[in-house]
1. Take residue B:356 and tell me if it is more than 8 Å from every other protein chain (Cβ to nearest Cβ), buried (at least 19 other Cβ atoms within 10 Å of the Cβ) and in contact with a helix residue (DSSP H, G or I) (Cβ under 9 Å, 6 or more places away or on another chain).
2. Can you find even one residue in region A:76-86 that is in contact with a strand residue (DSSP E or B) (Cβ under 6 Å, 6 or more places away or on another chain), in contact (Cβ under 8 Å) with a residue 24 or more places away in the chain and assigned to a loop (DSSP other than H, G, I, E, B)?
3. Working only within region A:320-348, note down all residues that are assigned to a loop (DSSP other than H, G, I, E, B), touching a residue at least 24 places away in the same chain (Cβ under 8 Å) and within 11 Å of chain B (Cβ to nearest Cβ).
4. Does region A:269-280 contain any residue that is facing chain B (nearest Cβ under 8 Å) and surrounded by fewer than 20 Cβ atoms within 10 Å (Cβ to Cβ)?
5. Kindly indicate whether residue B:283 is surrounded by 21 or more Cβ atoms within 10 Å (Cβ to Cβ), assigned to a loop (DSSP other than H, G, I, E, B) and within 27 Å of the chain's Cα centre (by Cα).
6. Step by step: first the residues of region A:72-96, then only those that are within 14 Å of chain B (Cβ to nearest Cβ) and touching a helix residue (DSSP H, G or I) at 6+ places or on another chain (Cβ under 7 Å), then the one that is farthest from residue A:183 (Cα to Cα). Which residue is that?
7. Could you tell me whether any residue of region B:295-305 is more than 12 Å from chain A (Cβ to nearest Cβ), crowded, with 24+ Cβ neighbours inside 10 Å and farther than 30 Å from residue B:155 by Cβ?
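The values are calculated or read from the model by the stated rules, or taken from the named source; none is laboratory data. All values derive from a computational prediction rather than experimental measurement. Cβ placement follows ideal geometry from the backbone for every residue including glycine, while neighbour counts extend to all protein chains displayed.
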């Protein structure tokens, strides 16, 4: 996979002479993206493309080429791949659609491509792929714009949409690969590469179908001890499975069977694609949760109830706070206020500053041996009430604490988006769009603890 | 309820002399909010508050008072309510906490309050409430800032958080009432008021517990024929039910039993609080869906598969598009492209403008008798690719169509937030943060069609 992610020289076969806005010219995008290696444009109808000498055939390039990217009508693909083999190229990306994603002829062509890969020892990524993204060396084969983030997250998918729209599908990505129809390079190869990459800490997978499942499952079961693997598998429905067939020619397989097998590896299995960005940032940034006991600190009694429902749904429970903990908050609250968990701090906020109340409460639950994780519900107020906004304060409390317990925040109100960014600025506290997702995120940290330390004593009887 | 929502004169009992930033002075907020009626501050320790004559006791006000808002330590509340009765006031809001939400003494006091309401014919809202919000006459009793939107949405809740943070809990609100501990004014009263209010088209309810359930359920069953009612009930778990008890003293009751009863009224019942804003805007703005057959138009094959999974989950299915429909898109696509539903338009976009492809596709599915609703998956691109952004175009197609079918959009990519706003600008098309939610939203329109026209023939065999 090194040739795909870290090539020093790339041939772009079938690259267009058109460039500029809207032209989707890959060579132009690669240069703009800052690729430091050599680029060899191949186009029999051009002398120069974007100022570089163009070659009529890839065989005419006399330098070493690590990777060929082929964008060319499907009937020409096999011939071009044979040229690549002749030019001693070991890795090729076939961008075009029209293979197992299309008709009978497409199936025949892809079958030939697969045979060629095995026979001639060239690795082929695709067809029907946007290729790769590597933000660590400014390399991409995506003709659509991509976000440049040096995040320690590796993404494996079968659709360009996951790479083009990371916010919706994965969150920040450092490296990504779209397997497309996966005629040769598959989930096993990509997983192995990310497993061995010291720059990748979390592996996110969006799967349509899995070939050579045993090899992948066995590797995943090993990798997951070191690095979290988060998987969404589409095609859970009959309709979806049929659609997967026509999108990448993937045999979706028996969803329930594959789901069970994927879960057994210890990977974090997602029921919905939209959960991916939340799962990835949670597992990437927060300490694991050693038990199932959650302390809830809340500005709002009503929200406290809603979160209680979520805890039970995701196999967590409200911690029985120690008398020391409730005592510290009781000192700040009116006499009549019954204190428990959820810890409703609103009455205390009517008497003291938010800074004081929130730091006392968060310190107390972090120190409480009956607590394994913390969920804070706090307002994101308009500037007039900025005294109620405690993102920096809570970050300091977490930073000073030696408890290594996860702290997640759900914040609501007119300024929620900006305040969420402030909470996450140090990557010590994570925030979520709904209370349900915040609760679910804690459960992922609990589940992963059981995977990583299966023999560890639970911290509760 | 008219006295609560549309008072012409309000006494503020126990109003503070402190004002300015951070003081949470209700009188100041009411004036800032633009309340056009009379305000009578009551505070025995002040001569004037914010320039207005203050009264030692509400009995000393000689003018008519429609509503009293009481913010005062709990032990003084009964005496103040008796003063209100003596002053011939017919409606009072008790803001303070410390009643059934607190201890035994609090329970006793609330019991007395309830008896007083029945005996003396004064309606009491609360205690433990932020009160009301009426954006149509610039009236609120919330001491926290609220958003001013003249939306035809009425909210009934038991926690101020729903009024203070509408984006997270309900979306735009025109009128809202926080029932708090609901000692007297309850869900029935508020529902009746919104049912009769011509300015309210959708009713959103967040419930912790329900007293006098039969009366409410019977009314809801009638109202729902005219106006959608969307309900979230917290306390689905044992833990949550216990928390509801301590928040507003609500008996959460048997969740499953109440859920069944609420669903039987025909109301839209939500499993998660975070679904509320999506449900409300869907039912408020989109036409109902007369059958279960959805056409999916997508820029991304991968997303097409994901949406197929969601359809099955929510009881919908992919429409079998008519040959005319696929034919129109096939004319714009490469020969090898197999066209079906999801209608993958990406290959066509490589050959034609997005304007052309998207308008042909959307018009075709809206005209297709085999289609009951439409989901479009489109990119929200960076400015360089603004030619791929079709929000205005799709709005025009919907506007020109006489099909009355709902169109929802899921948009992804670097500019998603801004592009979502553009799609929704005419309130003809609604957008959602995830594909799953977009699919679910369509299912609500399908479910409501069955409620509103239970005798109607399904549009499919």
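1. Spelling it out, it is not the case that residue B:356 is more than 8 Å from every other protein chain (Cβ to nearest Cβ), buried (at least 19 other Cβ atoms within 10 Å of the Cβ) and in contact with a helix residue (DSSP H, G or I) (Cβ under 9 Å, 6 or more places away or on another chain).
2. no
3. A:341, A:342
4. Within region A:269-280 (the criterion being facing chain B (nearest Cβ under 8 Å) and surrounded by fewer than 20 Cβ atoms within 10 Å (Cβ to Cβ)), the answer is yes, since at least one residue qualifies.
5. no
6. The selected residue is A:72.
7. For region B:295-305, residues more than 12 Å from chain A (Cβ to nearest Cβ), crowded, with 24+ Cβ neighbours inside 10 Å and farther than 30 Å from residue B:155 by Cβ: present.
A quick yes/no check of all residues on (1) part of a loop (DSSP other than H, G, I, E, B); (2) within 14 Å of chain B (Cβ to nearest Cβ); (3) at pLDDT below 95; (4) surrounded by fewer than 19 Cβ atoms within 10 Å (Cβ to Cβ):
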{"site": "A:3", "(1), (2), (3), (4)": "no, no, no, no"}
{"site": "A:10", "(1), (2), (3), (4)": "no, no, no, no"}
{"site": "A:15", "(1), (2), (3), (4)": "yes, no, yes, no"}
{"site": "A:19", "(1), (2), (3), (4)": "yes, yes, yes, yes"}
{"site": "A:24", "(1), (2), (3), (4)": "yes, yes, yes, yes"}
{"site": "A:32", "(1), (2), (3), (4)": "no, yes, yes, yes"}
{"site": "A:35", "(1), (2), (3), (4)": "yes, no, no, no"}
{"site": "A:40", "(1), (2), (3), (4)": "no, no, no, no"}
{"site": "A:46", "(1), (2), (3), (4)": "yes, no, yes, yes"}
